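Data first, discussion second: the structure below is written as structure tokens.
The values are calculated or read from the model by the stated rules, or taken from the named source; none is laboratory data. Given the structure is predicted, the values throughout are model-derived calculations rather than measurements. Every residue, glycine among them, receives a Cβ derived from its backbone with ideal geometry; neighbour counts consider all protein chains shown. What goes into the accessible areas is simple: the full protein's heavy atoms, side chains included, and nothing from ligands, DNA or RNA. Shrake-Rupley method; radii C 1.70, N 1.55, O 1.52, S 1.80 Å.
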Amino acid sequence: MIYDDDKTLQESSPDLLSKSDKPELEVTENVPEEGNVSIAGVAFNVLNTIIGSGILGLPYAVKQAGFVTGLIVLAFVGVLTDFSLRMLVKSGRQAGIYHYSMLAQSSLGKVGSFALNIFILFNGLGIAISYLIIIGDTLPLLAEQYVPGFGVLQNRIFGIVMCACIFIFPLLFFRTLAPLAKFSAISIACLPIICIIVAIRAPTYAKDYDIKYTTFGDNIFPAIGVMSFAYVVSHSTFLNYNTLKNPSQKRWSIASMCAVGGSAVIYLAFSAIGFASFGESVNSNVFTNFPSDDIAINVSRLCLIITMFLTYPCVFYSARMVTNIMLGFESETKQPTKIQHISVNVGLFLVTLAIGLPVKNLGTVYQLIGALCASGISYIIPALIYMSVFWDCKGAWLRVVRVFKKDSVDLELARSTIPKVKTIWIEDLGVAFLLVFGCVALAAGTGGTIKQIIDQH
């Protein structure tokens, strides 16, 4: 499936642990209800969540960073993603909280929870916008090739509006994802078809391009944004962990390493093939490099459009959830009214449509959302949670958020229930690096992308 971050709607949220003086690294007094999924099953689910539409922009990211540097950084971002997933679960186990947003609120207060919700909101909207752009890139090519008599379908704006209103908009008004579950199998089946056909057909066009394997590129930080966008999965961490049979830190680590490692292999192969086929001419949507009369590629294009239709609601539901929460429409004990539900749905849909229609550069969306949102979701927030849970930095953090007086009291009380344990120095060092990397990637990637936008205009 292209993207399933909305599954976080189903996460559970046990209470905080009771106080304990035992210096145990593994806290088991309050564990989530045990799932029944094997390590292999959880690894597949995480892998399926990771691999999404971001894969289309990875050859372009490698071009931006330089072929050699791009592949190295792509693998390194995968390593950081795996480390982040493992540290996030370790923090949740220590705090006794198995829900990302609630863990952020418990350890970082309302400030941290609000920041996470903002990251998730813009990440979801950004992905939905990227889907509309992909539809706009793809539908006119298919219409021109197979239904040339319908000239209106060859118009990008009309194609996006028509598809969005007919195929996507009606799917946005369910309260939960349950009615959409039957479509998931279709999305899952389409992705392998897309990847395999592109991997087979792309090399046949290499002879038409001058391929230069550069070491360094000019836009490494925006490229990191695209790569982070492709790997982002932290928001569904506890959904997958809570389904694990005999959940433990070790079993989760194995599942995480297998999933991220598998996605890294697929990403590296796809990126290398895409760049080796089109070189410096590779576009932010690799499909636009192929001619419109390639039958096999057109099958992939059709699969891609179908997947966009079916997965847009999934990412949309995540954005809708955090919007309802921030507006006070939704909580653990309250659901939005019918008017609120319709208003938020229509409002967010129109926002994605208003941005997706004029924006044509998919790479810009990948870079901006990846740098601005994925950096926060995957690197910054998990690192800060770990530091708050495991390090003796409660006082420093409370001083940072002292302006939020009510929040400071809640945070101090919540943290007082978390037993202090001895940490592993290599993990502490890794978490510090994760935070620094996330901040640099966010600032430099966002700044670099904005500079590109200004230069282009």
Query raised in the report: Which members of the stretch 321-335 meet the condition of being closer than 20 Å to Pro179 by Cβ, free of Cβ contacts under 8 Å to residues at least 40 places away in the same chain and open to solvent by 10 Å² or more (accessible area, probe 1.4 Å)?
Result: Glu330
Query raised in the report: What are the residues in the stretch 358-376 that are crowded, with 23+ Cβ neighbours inside 10 Å and among the β-branched types (Val, Ile, Thr), if any?
Result: Val365, Ile369
Query raised in the report: When you go through (1) outside any loop (DSSP other than H, G, I, E, B); (2) under 30 Å from Ala444 (Cα atoms); (3) modelled with pLDDT under 90 one by one for Pro179, which number turns out not to apply?
Result: (2)
Query raised in the report: So which of Asp218, Asp210 ends up being open to solvent by 30 Å² or more (accessible area, probe 1.4 Å), closer than 21 Å to Val365 by Cβ, in contact with a helix residue (DSSP H, G or I) (Cβ under 9 Å, 6 or more places away or on another chain) and modelled with pLDDT under 90?
Result: Asp218
Query raised in the report: Restricting attention to the stretch 348-357, does a residue exist that is under 28 Å from Ile450 (Cβ atoms), outside any helix (DSSP H, G or I) and open to solvent by 30 Å² or more (accessible area, probe 1.4 Å)?
Result: yes
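So that you can scan it fast, the table gives a plain yes or no per residue for (1) aliphatic (A, V, I, L, M); (2) out of contact with any Leu (no Cβ under 7 Å at 6 or more places or on another chain); (3) open to solvent by 20 Å² or more (accessible area, probe 1.4 Å); (4) farther than 25 Å from Leu362 by Cα:
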| residue | (1), (2), (3), (4) |
| --- | --- |
| Ser91 | no, no, no, yes |
| His99 | no, yes, yes, yes |
| Val111 | yes, yes, yes, yes |
| Ala128 | yes, yes, no, no |
| Glu144 | no, yes, yes, no |
| Pro148 | no, yes, yes, yes |
| Asn155 | no, yes, yes, no |
Query raised in the report: For Met308, are the conditions met, namely being among the aliphatic types (A, V, I, L, M) and crowded, with 20+ Cβ neighbours inside 10 Å?
Result: yes
Report summary line: Val299 meets each of (1) under 30 Å from Gln452 (Cβ atoms); (2) part of a helix (DSSP H, G or I) with one exception, condition (1)
**Report entry** Long-range neighbours under 6 Å by Cβ, at least six apart or interchain, first residue under 16 Å from Ala75 (Cβ atoms) within the stretch 249-263, second not in a helix (DSSP H, G or I)
**Finding:** Ser263/Ile51
